[in-house]
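Participant: Starting off with a structure, shown below.
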Amino acid sequence: MQAPAGDRAAAVAGVLARCRELVRPAVVEAVGQLHPWTGEMAAYALGWSDTAGTPDPGGSEGKGVRQALAVLGAEAVGADGGAGVAGAVAVELVHTFSLLHDDIMDGDGLRRQRPAVWKAYGTGPAVLAGDALLALAVQRLAEAPGPWSAVAVRHLSGTLSTLVWGQAEDVRFERLPWSGPGAVGPEQYRSMAEGKTGALLGCAIALGAVLGGAQAGTVAVLERAGRHLGVAFQAVDDLLGIWGDPAVTGKPVHGDLRRRKKTYPVLAALAGGGPAARELAVLLESPGPLDGAAAARAAVLVEEAGGRSATRKEARRHLDAARHALREASLTPAAGADLDALFTYLLDRSW
């Protein structure tokens, strides 16, 4: 029998807290090696401090999902969680780097209910801070103790290439039409999401397994699980981007629609056809701003055309695929159960 949702959430919160307690000192130590200015911006981005460099009780460090996946990846193959710390540090730094640059490219002025780094410090400094974090991530992984650091760096390098590919697709989609020849379809979006979001989640769990001494086959299965998780995670984020509570997401209601962002719910709605889909296409292609009543109407049309339900099905399908991959691998029972609970929790964020 499955535990009640409240119990599952509490259990996952405990896992995340345990992994954060293990990894945070190593992240702090790594960031301390940066130039003081880029280090200050990194500390702000990580939610540790304000723009004056003083501790900020209102800052959010995020959930720490990626670093937890790296620790659990090591534990799942029978190693101590500490074996995955170098991988956890690397993916945390890469994730933070990607957020700094994403906010600039998307023009997002808020991140975790505070001004984004580029808003707080300027665009050039934010780019520089992101570059510093990326270089630091590779360096710290290359310096990981044990015989597996070179293999781990190769995994991270491949992931970075895939991450850039996914981001390039996401940016390119903004230039493509909503309908007709050249329009973006759900399949193209799914491929982009696997590159932009799934690759780093897959890398996180794979790095933990690599540094824990796992065989290549086990690493590949765990990486596949993480990639499916990433697509499900992105689908949930897309739901939150339209219908999420601003108090939770830190972004305006209907934010993705206001920006006319091509997300899975919108693309699935358009692909479904019917009167609601046709009205939605006209609204999205209109020259005027999509805000207030227009954005609210678009959200209604996306739901009427089946975009919301299709996205939930997409998330569930990839979650099931991720959990199936976990069952293919021979994992330690405790860490395997923690991974399964974490996977389910990430989907439940939107329900």
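Participant: With respect to the numbered conditions (1) under 23 Å from the mean Cα position of the chain (by Cα); (2) more than 30 Å from Lys63 (Cβ to Cβ), which one is the sole condition not fulfilled by Gly272?
Facilitator: Gly272 satisfies all of (1) under 23 Å from the mean Cα position of the chain (by Cα); (2) more than 30 Å from Lys63 (Cβ to Cβ) except (1).
Participant: Right, another one. Test Ala321 against the stated conditions and say whether it is on the phi < 0 side of the Ramachandran plot, assigned to a helix (DSSP H, G or I) and buried (at least 21 other Cβ atoms within 10 Å of the Cβ).
Facilitator: On the way: on the phi < 0 side of the Ramachandran plot: yes; assigned to a helix (DSSP H, G or I): yes; buried (at least 21 other Cβ atoms within 10 Å of the Cβ): no.
Judged against the criteria, Ala321 is not a match.
Participant: Tell me, please, whether a residue that is surrounded by 24 or more Cβ atoms within 10 Å (Cβ to Cβ), within 25 Å of Asp348 (Cα to Cα), in contact (Cβ under 8 Å) with a residue 40 or more places away in the chain and not basic (Lys, Arg) can be found in the stretch 243-256.
Facilitator: No: zero hits.
Participant: Inspect the stretch 203-217 for any residue being surrounded by fewer than 24 Cβ atoms within 10 Å (Cβ to Cβ) and closer than 20 Å to Ala315 by Cβ and give the result as yes or no.
Facilitator: In the first step, residues of the stretch 203-217 are kept if they are surrounded by fewer than 24 Cβ atoms within 10 Å (Cβ to Cβ); the result is 213, 215-217.
Subset that is closer than 20 Å to Ala315 by Cβ: none.
No: zero hits.
Participant: Filter the stretch 324-350 down to the residues that are more than 18 Å from the chain's Cα centre (by Cα) and of a type outside the set (A, V, I, L, M, F, W, C), then identify the one that is surrounded by the fewest Cβ atoms within 10 Å (Cβ to Cβ). Can you show your working first?
Facilitator: Step one: list which residues in the stretch 324-350 are more than 18 Å from the chain's Cα centre (by Cα), which gives 324-338.
After this cut, where a residue has to be of a type outside the set (A, V, I, L, M, F, W, C) as well, the list is 324, 327-328, 330, 332-333, 336, 338.
Working: His324: 12, Arg327: 12, Glu328: 13, Ser330: 14, Thr332: 14, Pro333: 8, Gly336: 17, Asp338: 24.
Selected residue: Pro333.
Participant: List every residue pair whose Cβ atoms sit under 6 Å apart, with the two residues 6 or more apart in sequence or on different chains, where the first one lies in the stretch 291-318 and is surrounded by fewer than 16 Cβ atoms within 10 Å (Cβ to Cβ) and the second, anywhere, is basic (Lys, Arg).
Facilitator: Qualifying pairs under 6 Å: Asp291/Arg258.
Participant: Hey, can you tell me all the residues within the stretch 282-310 that are in contact with a helix residue (DSSP H, G or I) (Cβ under 6 Å, 6 or more places away or on another chain) and not acidic (Asp, Glu)?
Facilitator: Leu283, Leu290, Ala295, Ala298, Ala299, Leu301, Val302, Ala305, Gly306, Gly307, Arg308, Ala310, listed by residue number.
Participant: Okay, moving on. Among Gly122, Gly107, which is in contact (Cβ under 8 Å) with a residue 60 or more places away in the chain and of a type outside the set (Ser, Thr, Tyr)?
Facilitator: Values: Gly122 fails: in contact (Cβ under 8 Å) with a residue 60 or more places away in the chain.
The unique qualifying residue is Gly107.
We did not get these values from a lab; they are worked out from the coordinates using the rules stated. Everything quoted here is computed from the prediction, not taken from an experiment. Please note: Cβ atoms are built from the backbone with ideal geometry, for glycine as well, and neighbour counts cover all protein chains shown.
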